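As structure tokens, the structure follows; a few thoughts come after it.
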Amino acid sequence: MAPMTGRSLRRLAVVAALPLIIAGLPLAAGADPEPDDEPVVPLGVEEDADLVEVVVDDQAGVIDLIAAGADVTEYARPVPGGLEVHVVATQAEQDELRALGFAVDGAVVTAEETDAVVAERDAAIERLDQISALATDTLTVLRSEWFTSIGGVTYLNIEVKSSTGADSSTVLTVSWDGGSRTMSRFVDAGQYLYHRFNEPIAVDDVPAEVTITSSMGGVTTAPVVEWLGEPRKGEGPHVATGFVDHYMDPTEVYQRIEELAAEFPQLAEIVDLPYQTNGYRRHAQALIGTVTSNAFYVTSHAWGHEGGNDLGLETRNPGVPDSPLTVTVENGTIVVSLATDSSGALISTAAQVVAAINASPAASALVSASTYRGNAGNGVTVADSEQLSDFLSAPESISREPFTMRAIRIGKDRDGSQTGVLAYSQEHAREWVTPLVAVETAERLLRNYRNDAATKMLVDDLDIFIIPSVNPDGGHYSFYDRGFQRRNMTNYCGPNLSDPNARNAWGVDINRNFSVGSRFDGYDGASGSCTSDVYSGPAELSEPEARNEVWLTERFENIEFAMNVHSYGGYFMWPPGAYIDDGRVTLPHATIGEENYFWASSSHILSAVQDWRGTAVWPGRTGPVADVLYSAAGNSADEHWYNRGIYGWDFEVGADLWDPEEGDWDAVGFQPPFAEGFEEAMEFSHGLVGLLEVARAYGNDVKPPTTTLVLTDEGVTFDASEPVSIHYTLDGSRPTYASPMVSSAGLREGAAAIPLESGTTTVHWFSVDAAGNVESMYNPNGNGNNYRKQVVTVD
Ligand SMILES: [Zn+2]
């Protein structure tokens, strides 16, 4: 701790040389009346002081304190029993005051806290010096939008990047006709990203523009544009919705898709996924003991439902002195007869009992035993009797066998010729609304096919795969045993964490078990601890649930779009979803053309969500996972995008709800009352249909894009008829896919201009849209020269 040089508080002991004889002050034994033995100035004079409470009887007591040499502040307030005053005193001084009979209480402000304030002030001064050395900052407006959401309330969302934003004293204020608001700095993994509002700001009227002012001197204005609200052609008026009426466990959602496929054999079929899960099952266990040192537990070799639950465990007091420790098995009960001493007292330790059970051929054929949480087990085992149990509470109708996951495949032509779309729900068990989104969407497609032209077009032109629950075992556990279960049920913990009291802490996070940007690759946001809720598993793709997703996208190469349905919060995100913490190095961002395509598609999909009951997913919760939320190493959207080029999105259904009475936002949680869960399922099923519309447009897109070259002060930019990637050359050569691309100016910014040298430059380029159509039907791999050309001159 830094000494408080130059700020030394008045030293009690210096003054203390004089007092001690103050009339009426009790002299405690510790107060040495022979000052010769005491140093005049105590050692450690730089010792830091605390601000502490002292309670005295009255004002006269304050005088006594001062007379005793205490540094009494001006603060005083009446408390039961007298007057509370605050005294600045080192630890030694506090002891001395106590010895003098003063009631010295807890610290109001500790020396550590004072040091922190000093350090903060020093840093502030340093920063102010830096600021004065800095020129005005440049402000880049990333997003400036208004939208209406559920209930018709209108909101503003603004995001601005300051060139000095890395400095925490950069304060941005947004003002508009009718209001103003200070923004917060969005900092993640130590890196400044941009300034934003923590949540959208409710406004009465939409301003035409906003002005952003920086404490660093920068100022800029931006028009406010509408977010979402895109008029939707969508389904016709007779479309039927609302096919779910209660939360469904995985057994029921899988039954439902099988019934649907059987009912609509021309339009649908079931695809069995090859890797069975471990199943909703556990080995049976029993724990005996009262404290850690005398506790031990046994685990059956058989699954609970296959005999483990029928076993018993008894630690028996033989009732006679000098008895040996023995283990027998009697009618399915492991009987441990505990050893006794000459007085008949029990003397077997937990470690001895564990060793005896494991050494007994009869007992070890049924169970294995361990001490508790790795304890040495030196405590004496108590007599007790327990039935083994797998502690699973689901009714018998829930199978305990390995689960075969399935996808329902919907489409008129299911031969791989149509654009494929994959939707998958409930990677996380507790997210109960997400399987409803899956089932509702499947039913809408099949039941409206005959009567609704828009639905028919989707089913005719697409090949749709829907997995209603990627985590059926964990899902069952969430429904019947522990609502907050997130992971699957597979236990990778060793004996030290495998006792029955740890059973809610096991499992692998499926959405951290994939092979791209994983924990094993050094990415952030997954854990190697078997009890962490973001446990990555022991290896990439160790879990059958994850392998099934990969299998499906590899088996059906026509899948080009995917939606990973999660809850809650109202997010809409895409890759990259992970970064390496040191330096916040993300997986590669999509090209500017792909990124623009993600945004354009998102606008359509989120307008579809909004169409149901007005819910607007916030622009601040839309974007690459790594830009708006956090790093999630080894997630499935990254797997599908980077390994197979599938446009992979994540829904977090369940957007915050505006509370008009409180004027704030309320989070909905994982398992809202069904009435709310139903609304979420409906609106995000709308969104999933929106994705199908995007995919159909992609599959039918044969129209080449067109672009126009624009010369700006910064260089060359392009206007395009749709989201495109642009390859260009400046040296007169023929542009190919290997030529440089127009790139992003930065996170959440648009395209960067291509800087030009002064003089005349020949720009050759071509654009290519998301579906692969090339401008002017140019073939970059051929020999033609029908690329775009323009000569530009810069003075
Ligand atoms: Zn989730």
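The values are calculated or read from the model by the stated rules, or taken from the named source; none is laboratory data. No experiment lies behind these values; they were computed from the predicted model shown. Virtual Cβ from ideal backbone geometry, glycine too; neighbours counted across all protein chains shown. All accessible areas refer to the heavy atoms of the entire protein, side chains included, with ligands and DNA or RNA removed. Shrake-Rupley method; radii C 1.70, N 1.55, O 1.52, S 1.80 Å.
Condition check ((1) touching a Pro at 6+ places or on another chain (Cβ under 9 Å); (2) of a type in the set (Val, Ile, Thr)) across all residues:
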| site | (1), (2) |
| --- | --- |
| Thr708 | no, yes |
| Phe718 | no, no |
| Ser725 | no, no |
| Ser758 | no, no |
| Val768 | yes, yes |
| Gly772 | no, no |
| Met777 | yes, no |
| Val794 | no, yes |
Taking Arg414 as the residue in question, decide whether it is out of contact with any His (no Cβ under 6 Å at 6 or more places or on another chain), assigned to a loop (DSSP other than H, G, I, E, B), basic (Lys, Arg) and within 16 Å of the ligand (Cβ to nearest atom). no
Scan segment 403-431 for residues that are without any contact (Cβ under 8 Å) to a residue 60 or more places away in the chain and open to solvent by 10 Å² or more (accessible area, probe 1.4 Å) and jot them down. Asp413, Asp415
Within segment 631-657, the residues that are at negative phi, out of contact with any strand residue (DSSP E or B) (no Cβ under 6 Å at 6 or more places or on another chain) and open to solvent by 30 Å² or more (accessible area, probe 1.4 Å) are Tyr642, Asn643, Arg644
Mind checking which residues of segment 511-570 are over 26 Å from Glu680 (Cβ atoms), within 16 Å of the ligand (Cβ to nearest atom) and of a type in the set (A, V, I, L, M)? Ala526
With the requirement that a residue be touching a helix residue (DSSP H, G or I) at 6+ places or on another chain (Cβ under 8 Å) and more than 16 Å from the ligand (Cβ to nearest atom), what does segment 644-663 give you? Arg644, Ile646, Tyr647, Leu657, Trp658, Pro660
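Would you mind finding the one in Glu427, Glu443 that is within 16 Å of the ligand (Cβ to nearest atom), at pLDDT 95 or above and among the charged types (D, E, K, R)?
Going through Glu427, Glu443 in turn, the sole match is Glu427.
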Does at least one position in segment 81-93 carry a residue that is modelled with pLDDT of 75 or more, of a type in the set (Ser, Thr, Tyr), open to solvent by 50 Å² or more (accessible area, probe 1.4 Å) and in contact with a strand residue (DSSP E or B) (Cβ under 9 Å, 6 or more places away or on another chain)? no
Does any residue in segment 339-361 that is over 17 Å from Gly289 (Cβ atoms) come within less than 8 Å, Cβ to Cβ, of a residue that is modelled with pLDDT of 95 or more and of a type in the set (S, T, N, Q) six or more places away or on a different chain, and which pairs are these? Thr340/Asn317; Thr340/Ser323; Ser360/Thr328
Touching an Asp or Glu at 6+ places or on another chain (Cβ under 8 Å), of a type in the set (A, V, I, L, M) and buried (at least 23 other Cβ atoms within 10 Å of the Cβ): is that true of Ala667 in this structure? no
Inside segment 521-550, the number of residues satisfying the requirement of being surrounded by 16 or more Cβ atoms within 10 Å (Cβ to Cβ) and outside any loop (DSSP other than H, G, I, E, B) is 8
Could you list, in sequence order, the residues of segment 274-289 that are in a loop (DSSP other than H, G, I, E, B) and more than 10 Å from Phe403 (Cα to Cα)? Pro274, Arg281, Arg282, Gly289
Out of all the residues in segment 619-629, is one or more open to solvent by less than 20 Å² (accessible area, probe 1.4 Å), within 27 Å of Asp413 (Cα to Cα) and within 16 Å of the ligand (Cβ to nearest atom)? no
Which strands (runs of 3 or more DSSP E) does segment 165-212 wholly contain that include 1 or more residues that are over 26 Å from the mean Cα position of the chain (by Cα)? 172-176, 179-182, 201-203
Taking segment 452-478 and keeping residues surrounded by fewer than 24 Cβ atoms within 10 Å (Cβ to Cβ) and either within 16 Å of the ligand (Cβ to nearest atom) or free of Cβ contacts under 8 Å to residues at least 24 places away in the same chain (or both) leaves Lys456
Inside segment 285-306, the number of residues satisfying the requirement of being touching a His at 6+ places or on another chain (Cβ under 9 Å) and either under 30 Å from Gly416 (Cα atoms) or open to solvent by less than 50 Å² (accessible area, probe 1.4 Å) (or both) is 4
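Considering only residues that are in contact with a helix residue (DSSP H, G or I) (Cβ under 7 Å, 6 or more places away or on another chain) and closer than 29 Å to His305 by Cβ, look in segment 400-411 and name the one that is nearest to the ligand (Cβ to nearest atom).
Met405
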Among strands (runs of 3 or more DSSP E) completely within segment 361-410, the ones holding 1 or more residues that are closer than 26 Å to Ile334 by Cβ are 367-371, 384-387
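Name the residue, out of Ala383, Ala339, that is on the phi < 0 side of the Ramachandran plot and open to solvent by 50 Å² or more (accessible area, probe 1.4 Å).
Ala383
Of the residues Phe484, Phe465, Phe479, which is of a type in the set (Phe, Trp, Tyr) and in a helix (DSSP H, G or I)?
Working: Phe484 fails: in a helix (DSSP H, G or I); Phe465 fails: in a helix (DSSP H, G or I).
Step by step, each of Phe484, Phe465, Phe479 is checked, and only Phe479 is of a type in the set (Phe, Trp, Tyr) and in a helix (DSSP H, G or I).
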With the condition kept exactly as written, say whether any residue in segment 781-795 is without any contact (Cβ under 8 Å) to a residue 12 or more places away in the chain, more than 15 Å from Glu594 (Cα to Cα) and open to solvent by less than 40 Å² (accessible area, probe 1.4 Å). yes
Taking the criterion of being part of a strand (DSSP E or B), aliphatic (A, V, I, L, M) and open to solvent by 30 Å² or more (accessible area, probe 1.4 Å), would at least one residue in segment 759-778 satisfy it? no
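Provide a single number: the residues in segment 707-735 that are assigned to a strand (DSSP E or B) and under 12 Å from Val768 (Cα atoms).
7
So that you can scan it fast, the table gives a plain yes or no per residue for (1) in a strand (DSSP E or B); (2) within 21 Å of Asn558 (Cα to Cα):
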site: Gly420; (1), (2): yes, yes
site: Ala423; (1), (2): yes, yes
site: Glu427; (1), (2): no, no
site: Arg430; (1), (2): no, no
site: Pro435; (1), (2): no, no
site: Ala438; (1), (2): no, yes
site: Ala442; (1), (2): no, yes
site: Leu445; (1), (2): no, yes
